[in-house]
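The structure under discussion appears below in the form of structure tokens.
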Amino acid sequence: FQRSRCGLGQHFRDRASEALARGSALVHWLQEPRLLAWSLYLRSAFETPSPADLQLSAAYEIARTVDCPELQWQILWKLSDRASQQGRAKMQDDCLWSAILILSKLAAPLEAEDATAFWRHGARRAFVDQAKRRFGAQFFQKVMMEGTPISEDARVILRDVGFDPSAIPDFGRPGAAQP
């Protein structure tokens with residue numbers, strides 16, 4: 001029974017990968033930058049490390065240019081996890097702090113009760129829990145009192161991965177002529 005369950009899991013993983021690949025191809029035709037960024041982000045889970053890092057970097061650049069901070073911090077979180085797996089502690093920390101900075105900016109205009117709910121909602125809660133394990137249990141209080149430490153600009157971090165932001169087509173840039 002266990003062997004057949006493993007085969008079934010691989011079958012669903014393969015089907016999900018194929019469906020995502022087909023969907024990603026369609027997104028290119030739609031030229032909707034947010035959908036393209038999300039599809040690159042999702043597709044990176046099925047790729048080997050180097051192509052996945054480049055897909056995440058491209059997704060980040062697109063999300064940045066079309067002002068999609070919710071995706072930006074999630075990409076940085078994923079890149080942080082990947083950096084941890086590769087033993088790149090500085091990149092891991094820079095990605096985490098950049099993600100925290102984005103989330104802090106999103107939470108800044110909220111009332112205290114709403115901000116608490118914001119940080120405890122869904123993926124943000126898992127992210128905060130991971131950051132607490134990395135930086136210590138009191139890290140969140142420190143961030144609220146002192147702010148986030150200076151870290152590399154996320155675009156500099158992505159250049160270290162080997163990504164060139166000019167590779168992103170103009171349709172993803174603000175002010176570019178739309179087809």
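Every number in this text was worked out from the coordinates using simple rules, so none of it is lab data. These numbers come from a predicted model, not from an experiment. Note that we place each Cβ from the backbone using ideal geometry, even for glycine, and neighbour counts take in every protein chain shown.
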Return the distance in nm (one decimal) between the two label points of a simple spin-label model at residue 47 and residue 14, each offset 7 Å from Cα along Cα→Cβ. 2.2
Taking the Cα centre of each part, how many Å lie between the stretch 36-63 and the stretch 115-136? 23
Restricting the stretch 63-135 to GluC sites (Glu not before Pro) in coil, as DSSP defines it, with at most 10 other Cβ within 10 Å: 111
Give, rounded to the nearest 20 debye, the magnitude of the charge dipole that the stretch 51-131 has about its Cα centre when Lys and Arg contribute +1 at Cβ and Asp and Glu contribute -1 at Cβ. 240
Would you kindly derive the ³J(HN,Hα) couplings of the stretch 36-41 from the backbone phi angles with the Karplus curve 6.51 cos²θ - 1.76 cosθ + 1.60 (θ = phi - 60°), listing them in order in whole Hz, with x for Gly and Pro? 5, 4, 5, 5, 5, 4
Amide H to amide H, which residues 5 or more places from residue 31 or on other chains are under 5 Å from it, using H placed in the peptide plane? none
